[in-house]
Amino acid sequence: MSSTNKDRSEKLAWLVTLAGVEGVGPFRLYHLINHFGSPEKALSASIAKLTEIPGIGRDTASKIRENQDHKKSLRFIDEVLKHEWKFFLYDDPEYPEPLGNIPDRPPYLFYLGEFTEKDISAISIVGSRSASEDGRLFAENLSTALAENEVTVISGMARGVDIAAHRGALKANGRTIAVLGCSLDIIYPPEAKNLAHKITQSGALFSEFLPGTAPYGPNFPKRNRIISGLSQGVVVIEAAERSGALSTARHAIAQNREVFAVPGSPRSEMSRGTNRLIKEGAKLLTSVEDIFCELPRLKGQVRTGQVKRIEGLTDTEKKVLDSFAEGPVQIDNLSRTAGTPLPELMQILLALELKGIIKELSGKRYILN
């Protein structure tokens, strides 16, 4: 193992240890790391120092000091290496850019297959596990149309709509990503084993769960934030009032992603959730064109080319706009890709915002208006 891989594996082990302490979720974990500089230093801090962190009470501080099990974490990392899983760490330059913009992003993410720059242009398709034949067919056809337009399709590889979405992308020789509610060494549902293999050849399987983690119920709502976080928008096809797909839609709204819903008969149980989403402001969707109309940036340079033909733009403004082809851009990343110092970039962004060309999102992100 190279020194770089060894360092990353050791850092992963400390992250697993800190994340494994009861009461330390992603928000507290990042507060601790930002304050102490590393998960290892946070784990070795005194209770007095820990309680100085907002949101870390004495009870949580005591658990951090007393309930860490680093040896167990090292055993997990041995399993990760044995399985030859690849992984992203939260501060890797290669960490998926859309996911890096959500505040509760996973500190580590295991994967099989490949994640490429093309996958930044992505749409999630989710829906009922017991979807109708029409619902599954619509999901597959929509996914095929997206893949034909070089848009990556993301879903959860569950029965019903999810599996249909993955199959539609593969049918068009497109890219697709499945985010699992269990670890990568446990394929669920079992009948999706061949599909999972095909996905790793034309995309990736993602999971934040440690080796040996079964498809336990609460895992699925948790993983839904990753499905929505990786995408530019979420499409919901057939969802009952209590469907897990609605959880993905709620995450999408919190993450400033677009939400689309396919309408259905008011008499259908499987349409109650999607119809309610439309009432609450989700975009009604009947074809792939509805997505491209709402998210023209998914078409890439076509959209930025149109914007750059606006009269009165300086050469520098046009150069900055090149970075918006793939969707929302965080200001620090934009500064690096555009090669523009931050103070100068802020003036350019303000000018573009005043012209109505871009708008600011949460987390110091900007997007074409």
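The values are calculated or read from the model by the stated rules, or taken from the named source; none is laboratory data. Bear in mind the structure is a predicted one, so any value in this text is a computation, not a measurement. Virtual Cβ from ideal backbone geometry, glycine too; neighbours counted across all protein chains shown.
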Answer yes or no: is there a residue in region 178-194 that is in a strand (DSSP E or B), farther than 18 Å from Phe110 by Cα and in contact with a strand residue (DSSP E or B) (Cβ under 9 Å, 6 or more places away or on another chain).
no
Residue selected from region 129-177 under the condition of a type in the set (Ser, Thr, Tyr) and not in a helix (DSSP H, G or I), by the criterion farthest from the chain's Cα centre (by Cα)
Ser132
State which residue is surrounded by the fewest Cβ atoms within 10 Å (Cβ to Cβ) when the search covers only region 102-121 and only residues that are of a type in the set (D, E, K, R) and in contact (Cβ under 8 Å) with a residue 60 or more places away in the chain.
Glu117
Just one listed residue, out of Leu74, Leu81, Leu99, Leu89, is surrounded by fewer than 18 Cβ atoms within 10 Å (Cβ to Cβ), modelled with pLDDT of 90 or more, of a type outside the set (Asp, Glu) and in contact with a Lys or Arg (Cβ under 7 Å, 6 or more places away or on another chain), and it is Leu89
Within region 229-256, can you find the residues that are in contact with a Ser or Thr (Cβ under 7 Å, 6 or more places away or on another chain) and free of Cβ contacts under 8 Å to residues at least 40 places away in the same chain?
His251
Would you be able to say whether some residue in region 15-31 is without any contact (Cβ under 8 Å) to a residue 24 or more places away in the chain and surrounded by fewer than 16 Cβ atoms within 10 Å (Cβ to Cβ)?
no
Quickly run through region 255-277 and pick out the residues that are in contact with a helix residue (DSSP H, G or I) (Cβ under 8 Å, 6 or more places away or on another chain) and closer than 24 Å to Ile102 by Cα.
Gln255, Arg257, Glu258, Val259, Phe260, Ala261, Leu277
Here are the criteria: (1) in contact (Cβ under 8 Å) with a residue 12 or more places away in the chain; (2) closer than 25 Å to Arg223 by Cβ. Tell me which single one Leu43 does not satisfy.
(2)
Over region 206-231, the set of residues of a type outside the set (Ser, Thr, Tyr), within 25 Å of Glu150 (Cα to Cα) and out of contact with any helix residue (DSSP H, G or I) (no Cβ under 6 Å at 6 or more places or on another chain) is Phe206, Arg223, Ile226
Tell me, which helices (runs of 4 or more DSSP H) wholly within region 1-87 include 3 or more residues that are under 27 Å from the mean Cα position of the chain (by Cα)?
3-19, 26-36, 39-44, 70-83
Enumerate the helices (runs of 4 or more DSSP H) found wholly within region 212-305, keeping only those where 3 or more residues are among the basic types (Lys, Arg) and assigned by TED's automatic domain parsing to the domain that holds Leu137.
219-229, 272-279
Condition check for Ala145: modelled with pLDDT under 95, assigned by TED's automatic domain parsing to the domain that holds Arg276 and out of contact with any strand residue (DSSP E or B) (no Cβ under 9 Å at 6 or more places or on another chain)
no
Just to be sure, is His197 over 18 Å from the mean Cα position of the chain (by Cα) and either within 15 Å of Ile226 (Cα to Cα) or at pLDDT 95 or above (or both)?
yes
Out of the residues in region 42-71 meeting the condition of being touching a His at 6+ places or on another chain (Cβ under 9 Å) and surrounded by fewer than 16 Cβ atoms within 10 Å (Cβ to Cβ), tell me which one is nearest to Ser9 (Cα to Cα).
Lys49
Residues that are modelled with pLDDT under 80, touching a strand residue (DSSP E or B) at 6+ places or on another chain (Cβ under 7 Å), farther than 30 Å from Ala239 by Cα and of a type in the set (A, V, I, L, M, F, W, C): does region 306-325 have at least one?
yes
